[in-house]
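Reading through the structure tokens given below for one structure.
Rule-based calculations on the coordinates, nothing more; no lab input. Computed from a predicted structure; not experimentally measured. We place every Cβ from the backbone using ideal geometry, glycine too, and count neighbours over all the protein chains shown.
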Amino acid sequence: MRFKRVLATGLAATMLVGALAGCGQGKKSASTDSGKTDGKESITLWTYPIGNWGKSETVDKLIASFNEKYPDIKVTVQYLDYKTGDDQVNTAIEGKKAPDLIMEGPERLVANWGAKGLMVDLADMFAKDAAKDFYPNITAACKSSDGKYYEYPLCMVAHCMAINKAKFEKANALQYLDLENHTWTTENYLKAVKALAESGQGADVTAVYCSGQGGDQGTRALVNNLYKGRFTNTEHTQYTVNSEANIKALQALKDTKGVKFDPSIAGGDEITLFRNGTLAISNCWNASQQNDSKNGEAGKTNNGDEIIPMQFPSSDGKAELCGGIWGFGIFNNGSQSKIEAAKKFIDFMANDQTQTKKSVLESGFFPAHKDLGDVYTGQANEKVMKMFTDKFMPSMGDYYQVVPGWATARTEWWNMLQRVGAGGDIANEVKTFDTNANAAAAKK
């Protein structure tokens, strides 16, 4: 089945929590039963806070729709956050109580649990017509190095950065931005940070946050883009942070007044500091953050300053943005009937022509299906989402988060940033990163 370009109907205007995968903070875990069932089969779904998929009031409605078609399948949901979710899943795995279904990205489902042989191969689902219109880079990200598919994608986004327009205006720094295309060069980025730091609006303009892995896609993209460095090789077999380009980028950030290497905060904390006006630039942004209205009007800081999303700066003004991909995976718990029930759930949420638009809308991101069309037509945030579609999604770069040893590499990254911030020799620190991360990759 291929998707037709039809307008989404029957869904009230959604939007959108800022608890993105990787940037914000999730809710405390809760467990709830949802949907009608006669008890013929029951499955468990654990979901990270991917937009409104982290809200029980939303997921209950989605499951109710599923149960209209599949009344014999009971779905029990547990909500995870990004502080404790991984530990909860790993503890469940160790206790042989892993969920049947889990919703997150390839870095967990493919590179971690899939690589450990814990997940069901979904190759049969990718072989069907419904999967033919996935973007090629998304399909590739869902496929492991052993040729098996451990994630079925639902939505995606290109992560970016953002600036406080009022602060830039006061510092006469808007001149350094290409506002039409939401881009800037490395040279102009460094000029802008310097101008802001000298404008009397606060010593800290932007933060290289490094207390943990939360939001690390932002710091990786910042460092890699400045002088065209890479985090991994193109074959996704090796980490390549130890390069002249990345060393030059880290040195430039360390030397620039207004850039603070902050070991006390992670991505979610940085967003808070940006929203409350402490920082003028956020490195942890995307469409969901731009639409977040928890603390005031969407697209504005807490005190009403306009927020302008920007691509990361690069030497030629052409960035490669880190992408986020979210979807479903199935743990192999030894029950074929549960596996089949879980596949029905995935197929309904991610392939059904009408339901999939609703499923994507609740994520706050963009469809993995090319043929699904613009799911935000007619929504209150239509203009904002079109801007992200036109100006940011085409710059989504290589999805490298599936290299073996990814969990170790993430830890090594923020530890390396802490050491650089504390005055460590950058050449030695990136060498240490590569040594430790590649040792983990070699273990597979």
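Rounded to the nearest 20, the Cβ-based charge dipole of the chain about its Cα centre (Lys and Arg +1, Asp and Glu -1) stands at 160 debye.
Summing +1 for each Lys or Arg and -1 for each Asp or Glu among the other residues whose beta-carbon sits under 10 angstrom from that of N332 gives -1. Its Cα centre serving as origin, segment 344-438 has a Cβ charge dipole (Lys and Arg +1, Asp and Glu -1) of approximately 180 debye. Rounded to the nearest 500, the 222 nm mean residue ellipticity of the chain from helices alone is -10500 deg cm²/dmol, with -39,500 (n - 2.57) taken per DSSP H run of at least 4 residues. Build a GNM of the chain with springs between Cα atoms under 10 Å apart, and of L361, L179, L250 the one that fluctuates most is L179. Which FRET efficiency, nearest 0.05, do Q336 and K96 yield, Cβ-Cβ r, R0 22 Å? The value I calculate is 0.80.
Please work out the Cα center distance from segment 414-444 to segment 277-349, rounded to the nearest Å. Distance between centres, Cα-based: 27 Å. Counting only alpha carbon atoms, the long axis of helix 186-197 and the longest principal axis of the chain meet at about 70°. From least to most packed, judged by other beta carbons within 10 angstrom and beginning with the fewest, S314, S363 follow the order S314, S363.
Here the alpha carbons of the chain define both size measures, Rg and Dmax, at 21.3, 67 Å. GNM on the chain, C-alpha springs below 10 Å: top fluctuator among P99, P309, P71? Taking springs between Cα atoms under 10 Å, the residue moving most is P71. Straightening the chain between A203 and K69 buys 42.5 nm, computed as 0.36 nm per residue apart minus the Cα-Cα spacing. If I build a Gaussian network model for the chain, linking alpha-carbon pairs within less than 10 angstrom, which residue out of S56, S359, S335 has the largest mean-square fluctuation? Most flexible of the set in this elastic network: S335. Exposure proxy for K132, K443: other Cβ atoms within 10 Å of each Cβ, ordered fewest to most, give K443, K132.
Annotation: extensible slack from D124 through E297 equals 57.8 nm (criterion: 0.36 nm per residue apart, minus Cα-Cα distance). Can you tell me how segment 250-322 classifies by the Cα gyration tensor, rounded, prolate or oblate, using a/c under 1.5 as the rounded cut? Oblate, because a/c is 1.5 or more while a/b does not exceed b/c. Helix 406-421 and the longest principal axis of the C-alpha atoms of the chain enclose an angle of approximately 20°. Pull out a ≥ b ≥ c, the square roots of the eigenvalues of the alpha-carbon gyration tensor of segment 172-262, then state rounded if a/c is under 1.5, prolate if not and a/b is larger than b/c, and oblate in the remaining case. Verdict is prolate for segment 172-262.
Axis of helix 56-69 versus longest Cα principal axis of the chain: the two differ by about 40°, to the nearest ten degrees. Think of the chain as having a plus end and a minus end, set by charges on the Cβ of Lys, Arg, Asp and Glu; of G277, S264, W53, W53 sits farthest toward the positive end of this dipole.
Tell me whether segment 367-444 comes out rounded, prolate or oblate; compute the Cα gyration tensor, take square roots of the eigenvalues as a ≥ b ≥ c, and use a/c under 1.5 as the rounded threshold. Note, shape of segment 367-444 comes out prolate. The label-point distance for K318 and D390, in a model that sets each label 7 Å from Cα toward Cβ, rounds to 2.1 nm. Comparing Cα centroids, segment 109-174 and segment 66-86 end up 21 angstrom apart.
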